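So the structure is just underneath, and the comments pick up after that.
The values are calculated or read from the model by the stated rules, or taken from the named source; none is laboratory data. All values derive from a computational prediction rather than experimental measurement. Every residue, glycine among them, receives a Cβ derived from its backbone with ideal geometry; neighbour counts consider all protein chains shown. Only protein heavy atoms, including side chains, enter the accessible area calculation; ligands, DNA and RNA are left aside. Shrake-Rupley method; radii C 1.70, N 1.55, O 1.52, S 1.80 Å.
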Amino acid sequence: MMLTRGGARLTRLALVPRVTLHETLNASRQPLLRARFATYGARRSDTNASSGKQDAKQEPKEPTLLSKMGESAATTFASIFVLASGFALAAYLYHKSYKLLVVAKMTRAFEPGDPVLELAAIGKDVPHAPGGNDDHWVVRPEQDQVNKIVSGEVAGHYFLLVGEKGSGKSSMLIEAMRRIDGDAVAMFEAHPDLEVFRLRLGKALDYEFHEDYIGGYFSERGPRESTAILDIERALNKLEKVALKMRAYRRKPLIVIVNQMHLLRNVEEGRDLIELLQQRAEQWAAANLVTMVFNSDDYWVYERLKQLATRMEVMSVTDLPKKDAMAALSKYRKKYLKQDVSEEILEDIYKRVGGRLSFLNRVAKSKDMIGTCEKIKEIEKRWFLNQCWILGMEMDDDVMDQQKWASASMTLAKALVDKEEDMETYDDERGHTLPTYPFHIAQQIMTRCDFIRELDSLNLITITSQADVRASSVPMHRAWQEICALEGFDKLLEDTLQRINDIESLGRTRELVAKDLVLGGEYEIKKGPNGITVNLNTHEDDDGDEKEN
């Protein structure tokens, strides 16, 4: 054995225990881990120590009830404010857009091609196409002036067309509308009920009176809770805004036609409505914004408008003259039955029915024209007798008020018939000239001033725009002639008037009846020194007993 120094070293190494590499590494890392853990523990202990010191210094504080309430209130208020602002902005935008929509709809109502014109044209037998063939049409002398009014060429005034029923007033207005295709024209019919009048005005102007306004659901009083006349005022206010808007580019006034104004009742509501419409008509005529045209058959509408009229012009529409009436009848006959009528028959028909367009149209459609003329006269006669026939001395006192009306009407009719003796009622060139009396003289003849307007409303008489009173038509005057020519008519009228006087006399008389005098007694009146004494003397019976007082 070689024991060398190197071998000894080998032996010494062999005596050392075996240690693996893993153990050696762990052993070398333990001091480092021990040091690191010691550092973390120290830090944790330091942190706990510092936090303990801070907790010891600062005690925890919870929010108070007042602060919680303030925070909740602020949150709630902010939410409500945001929601309210959003709703308010939406409501404001809706309100403004609704107003703009109302004005736009009403503006479109005055554009050409109004369906109301179509319906009216069908009812009046007028062609619908503007500027079309008018061979069907009977041109009245007033047609040119009406055309200028409806087209807006005449401004600064408002107009009242007054005349008898069936004389062609509405037909002239519709013909004038047809020529311009209803451009800037609105037309509607009046009605005695103001609610219906309101609806018709709204339909003509395409105005809903805020009935489709959503804001009405959130208000205590809805738009429909107002009165009809207030709704009409609102519609006219909107119409004024539209007229101001359209004036900038049209340079002509708008046209509003109220047809059949006489249908309004002559009561407080009807008179208030007429006054409202007239006030607007006066203002708009002065500003050239809107030209209003009123059409009426009755005189009382003219009387009502005349009280406040400044810019009103009246157009009186009467029956056609003889030449025009015969030409119209010939044209109607060719249109309906394709027949030519001789001059003799045309003149005979004119003598019977005059120049009323409605009568001529009815006769032209009939196969027996002369028979139709007589039928028209009989209808007028029966209508007058049903309203105004008199009863004579056999009249009951309960019907005295109605007989006052009837006898006054018969007296006026007889006076107009009797006036024929002092005038020429028919001329070969001019045609009929019906007898007339001034309005005040007619009241004097009737001895009443409150009956004559009702006669006009019933189309028994006509009060012209010059305040002349005459029969409502030629057939009505012919009916009066036949009635006054009846045998015993004058005596019957006289007896009726006498009976009315007797009943009124009985109503004004008071009778005092002394029972003692009826039984045969007598009063003896003596004047003595002590005054006047009255004694009752009774007759004795045959038995000698005195009668009882």
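Projected onto the charge dipole of region 237-348 (+1 at Lys/Arg Cβ, -1 at Asp/Glu Cβ, origin at the Cα centre), which of Gln278, Pro253, Ser342 gives the Cα projection farthest towards the positive end? Value: Pro253.
Positive-end ranking of Leu385, Gly371, Val399 along the dipole of region 352-401, with charges on Cβ about the Cα centre, is headed by Gly371. An oblate overall shape is assigned to region 253-325, the ratio a/c of its alpha-carbon gyration tensor axes (a ≥ b ≥ c) being 1.5 or greater and a/b not exceeding b/c. Remark: region 405-461 carries a charge dipole of roughly 400 debye about the Cα centre, counting +1 on each Lys and Arg Cβ and -1 on each Asp and Glu Cβ.
Among rounded, prolate and oblate, which fits region 170-291 when a ≥ b ≥ c are the square roots of the eigenvalues of its C-alpha gyration tensor, a/c under 1.5 means rounded, and a/b larger than b/c means prolate? It is oblate, given that a/c is not under 1.5 and a/b is not larger than b/c. For region 380-458, applying the loop criterion from DSSP together with a ceiling of 15 other beta carbons within 10 Å to the GluC sites (Glu not before Pro) yields Glu424, Glu429.
A Cβ-based charge dipole, computed about the Cα centre of region 266-326 with Lys and Arg at +1 and Asp and Glu at -1, lands at about 280 debye.
Surface exposure of region 246-309, expressed per residue as accessible area with a 1.4 Å probe, stands at 42 Å². Atom-type composition of the exposed protein surface of region 347-395 places 50 percent of the accessible area on carbon and sulfur (1.4 angstrom probe).
Taking all protein chains in place and a 1.4 Å probe, what share, in percent, of the accessible surface of region 232-275 do carbon and sulfur account for?
Carbon and sulfur atoms account for 44 percent of the accessible area of region 232-275.
If you take the Cα Rg of region 412-498 and divide it by 2.2 N^0.38 Å, with N the number of residues, what do you get?
So the Cα radius of gyration is 1.11 times the expected 2.2 N^0.38 Å.
Could you provide, to the nearest whole Å², the per residue accessible area of region 318-437 with probe 1.4 Å?
Result: 52 Å² per residue.
Coordinate range of the alpha-carbon atoms in region 268-371 per principal axis, descending: 52, 29, 20 Å. In region 415-484, the portion of solvent-accessible area held by carbon and sulfur atoms comes to 45 percent [1.4 Å probe, whole percent, DNA, RNA and ligands not counted].
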